[in-house]
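J.: Pasting a structure below so you can have a look.
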Amino acid sequence: MFVGGGSQPMQVAVRTADLMSQDSESSTSNPGSGSRTQELKEIIMADVANKQPESVDGKFYVDDQCIDCDLCRETAPENFKRQEDGGYSYVYKQPENDDEATQCQEAMEGCPVEAIGEDG
């Protein structure tokens, strides 16, 4: 399954669900085992070290995992733009009020590949 104009498959969301299911099963059968969900989050969460160069400094950013699905630009149009040549989104303006902050948070939570971070 592909999203938007990007060429990367939507395997991340499926993989997240698979590992969360495995984590749930392993915690009931082996309560002392580590959290596979936490391990996965560390692997697929947005990485500030891979932030798109156009993203302005601040809390929110888009990293190089963006698949150009347009969700963030539709959810928070005052804060995200498309880099036309590269085919990805970036944060062009940090939120300036509560509404914009809420929209950026919603965009981050809805990102299908977790390419939006908030630890910038």
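The values are calculated or read from the model by the stated rules, or taken from the named source; none is laboratory data. All values reported here derive from a predicted model rather than from experimental measurement. All Cβ positions, even for glycine, are placed from backbone atoms using ideal geometry, and neighbour counts span all protein chains on display.
J.: Can you find even one residue in region 54-71 that is at pLDDT below 50, polar (S, T, N, Q) and more than 15 Å from Pro112 (Cα to Cα)?
T.: No, region 54-71 contains no residue that is at pLDDT below 50, polar (S, T, N, Q) and more than 15 Å from Pro112 (Cα to Cα).
J.: Go through (1) exposed (fewer than 15 other Cβ atoms within 10 Å of the Cβ); (2) at pLDDT below 95 for Gly120 and report which single condition fails.
T.: (1)
J.: Please determine, by comparing only the residues of region 72-117 that are in contact with a Leu (Cβ under 9 Å, 6 or more places away or on another chain) and over 12 Å from Val62 (Cα atoms), which one is surrounded by the fewest Cβ atoms within 10 Å (Cβ to Cβ).
T.: Out of the qualifying residues, it is Gly110.
J.: Could you give me the residue pairs with C-beta distances under 6 Å whose first residue belongs to region 91-113 and is more than 14 Å from Ala46 (Cα to Cα), whose second residue is of a type in the set (A, V, I, L, M, F, W, C) and outside any loop (DSSP other than H, G, I, E, B) wherever it lies, and which are 6+ apart or on separate chains?
T.: Note: pairs meeting the criteria are Pro95/Ala101; Pro95/Cys104.
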